[in-house]
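Step one of this worksheet: look at the structure below.
The values are calculated or read from the model by the stated rules, or taken from the named source; none is laboratory data. Model, not experiment: these values are computed from the prediction. Please note: Cβ atoms are built from the backbone with ideal geometry, for glycine as well, and neighbour counts cover all protein chains shown. All accessible areas refer to the heavy atoms of the entire protein, side chains included, with ligands and DNA or RNA removed. Shrake-Rupley method; radii C 1.70, N 1.55, O 1.52, S 1.80 Å.
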Amino acid sequence: MADKIPTDGVAYWKANVRLILISLVIWALVSFGFGILLRPALSGISVGGTDLGFWFAQQGSILVFLGLIFFYAWRMNKLDRQFGVDEE
Amino acid sequence: MDQTTINIIFVGASFALYIGIAIWARAGSTSDFYAAGRGVHPVTNGMATAADWMSAASFISMAGLIAFTGYDNSTYLMGWTGGYVLLALLLAPYLRKFGKYTVSEFIGDRFYSPTARLVAVICLIVASVTYVIGQMTGVGVAFGRFLEVSNTTGLLIGAVVVFAYAVFGGMKGVTYTQVAQYCVLIMAYTIPAIFISLQLTGNPIPALGLFGEHQASGQPLLERLDQIVTELGFSEYTAHNGDTFNMLLFTLSLMIGTAGLPHVIMRFFTVPRVADARWSAGWALVFIALLYLTAPAVGAMARLNITELFWPEGTNGQAVSVEQIAEDPAYDWMATWQQTGLLGWEDKNGDGRIQFYNDADADMQARAEAEGWNGNELTNFNRDILVLANPEIANLPGWVIGLVAAGGLAAALSTAAGLLLAISSAVSHDLVKGRFAPEISEKGELLSARIAMAVSIVVATYLGLNPPGFAAQTVALAFGLAAASIFPALMMGIFSTKINNRGAVAGMLAGLIVTLVYIFLHKGWFFIPDTNSFTDADPLLGTIKSTSFGAVGAVVNFVTAYVVSAMTKPVPQEIRELVESVRVPRGAGTAQDH
């Protein structure tokens, strides 16, 4: 391997893992949470003939997944530059 | 012009396009063949990934699965998209940085173990072969229905087309054909959905129409649907009826399985940089979401249309008459699909009308008694015909039907090509070069990859023509293997420096074996009928169905790998350095020309 591991590699990896954990909490919250387990708790909020949980299960979770992946890509590509580990 | 001619024009034009691309994008090197020269733009790769991922199951079956079950089958929507979050955050960028050609190669190098590589290759080939059978039979069915040729002829035409662009173009040819196939399949899926959404709700966007107003009744569409299906004794469309724990586990298994499917992962080897791999996963989900956000609308609207066709006076009035089915053009689709054996009805009580209702429901039994019905008379409605018959059910113009024919074929062919590529790279790169002939030249390896591809197509075609009786069951097997063996091994390889060679092999085998045994206990040993000890209606462990077991297998894999690694020799220093280097993007360019 030609590349050197930068001295702040540990901090970079920690920041990455933290970002992944936050993203996965949101990932689980919208699908397993709002879409399934918390659906009864959200049943008071009606959306077009049904409730918010149904919307999350069939539409909302997918939209949040999309937002998460793009947010992660943007944030990580920025972190790469901050820590000087981006590809030249 | 009759419908078959229109269909032939649409399918013929799309095939000519794929062949044209094949001639333009020939592979000149192993890097072209395995990874399209690592020069694919992230958006292009996203589109190709979407076509690769969306199979005959997504295109043809998913809306039907949702239509006839309702909310409970939202699991497919969340599971098959949520996996991309795992792929984007946990696997794709690091595997791109690693910069090799196959998933098993990473496992072999990271766990410094040819055995680990071999176990991964076996899982990869079994998962991909079982998956490809379904695609090939799908090609045959679509041809048979739309082009009025026999299933066999249809399958052979499909195989020749895949042969043309996959054998000569490898990953490069497959990538650019998949882009074209994505365009065909997404148009074929959304155009009829837009028409139907406009007809029912006046909203041109199906995903919004689903939560809009049903214009004919003035009620919200989903409320209307809940009302008419419950009036016929079926369970409420938007209600949760199944077991919650199994629903959670099934969703999780689909997510982990999606992230672990090798033919999807290897698409991320084709982009130039690590940053591109991150963006590309997002673009893949954008293109997938266009179909997945539309599918629940297609399902709900089709269920409403079909129910209303059988009860033209409303669910409390008279059912549709046999003469009307025979004479009214709105019911022509029924005769066409009856010929395929996928749709059937029978006037059991001889009253000249076809009553479609849930005859297992107590209230409906009382009504049936009062009105002299003799059971549900829509005796057969295969849910797979829903998307293909949808344009006819909604009375859309002939060209829309031609487009749907081309779209169904595009979905099946693009996935088949991706799977065949995964199989042939594993054979030529992991087995031929990795094990039997390490000294093979670049030219020799390229030739062996082409031969492996040709042989895989012949085998897949044979299995498509003579599908083993268990073909329908095997998708669960493919997802189970990917979830229980491949995904955990990859994730631990990147996120832990403690897992060693023995831990990885023991983990993969443990995950694989418990998952296989659990599936076989419920579906029969090697899928031989009547050799099962349990059924999914009454499973061995609580409410966990065999299709939901992949996530449990993954946990077994993780735990076994940690325990065995803790008890055996620690990971050598050079492997720790390999893991450190995979974690940072810098240097991905140099890894390109290894």
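Which value, in Å², gives the accessible area per residue of region B:91-176 when a 1.4 Å probe is used on the protein heavy atoms? List each step's numbers first, then the result.
On the way: 2210 Å² over 86 residues.
About 26 Å² of surface per residue is accessible.
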Whenever you get a sec, compute what percent of the accessible area on chain B sits on carbon and sulfur atoms (1.4 Å probe). 61
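Once A and B are treated as a pair rather than alone, how much accessible area drops out, both sides summed, in Å² to 100, probe 1.4 Å?
Interface area, both chains combined: 4700 Å², rounded to the nearest 100.
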Can you tell me the orientation of helix A:61-82 relative to chain A, as the angle in degrees between its alpha-carbon axis and the longest Cα principal axis, to the nearest 10? 20
Lysine pair count for the protein assembly as shown [Cα-Cα under 24 Å; pairs on different chains or 8 or more apart]: 21
Mean per-residue count of partner chain Cβ within 10 Å for A:42-54 equals 5
Report P(r) for the protein assembly as shown: all Cα-Cα distances, bin width 20 Å, range 0 to the bin holding the largest distance, values in whole percent. 18, 52, 26, 4, 0
Tell me the per residue accessible area of region A:17-88 using a 1.4 Å probe; a whole number in Å² is fine. 43
Could you tell me what percent of the accessible area of region A:25-82 is made up of carbon and sulfur, with a 1.4 Å probe and every protein chain present? 71
Under the rule of at least 5 residues apart or a separate chain, name every residue whose amide H is placed under 5 Å from the amide H of B:GLU213. B:LEU221
Residues of region B:205-242 that bury at least 30 Å² of accessible area, probe 1.4 Å, when all protein chains are present rather than the chain alone, are B:PHE211, B:LEU222, B:THR238
Any chance you could list P(r) for chain B, counting all Cα-Cα pairs in 20 angstrom bins from zero, rounded to whole %? 20, 52, 24, 4, 0
Rounded to whole Å, sorted largest first: equivalent-ellipsoid semi-axes of chain A, Cα gyration tensor: 38, 12, 8
Pairs of alpha-carbon atoms within less than 8 angstrom and 6+ residues apart define the contacts here; what relative contact order does chain B have, in percent? 28
Amide H contacts of A:VAL47 (H built 1.01 Å from N, under 5 Å, at least 5 apart or other chain): A:LEU52
Can you list the residues of region A:68-88 whose accessible area drops by at least 50 Å² going from the chain on its own to the full set of protein chains, with a 1.4 Å probe? A:ILE69, A:PHE70, A:TYR72, A:ASN77, A:GLU87
Cβ crowding within 10 Å averaged over residues, with B:115-125, B:366-376 ranked highest first: B:115-125, B:366-376
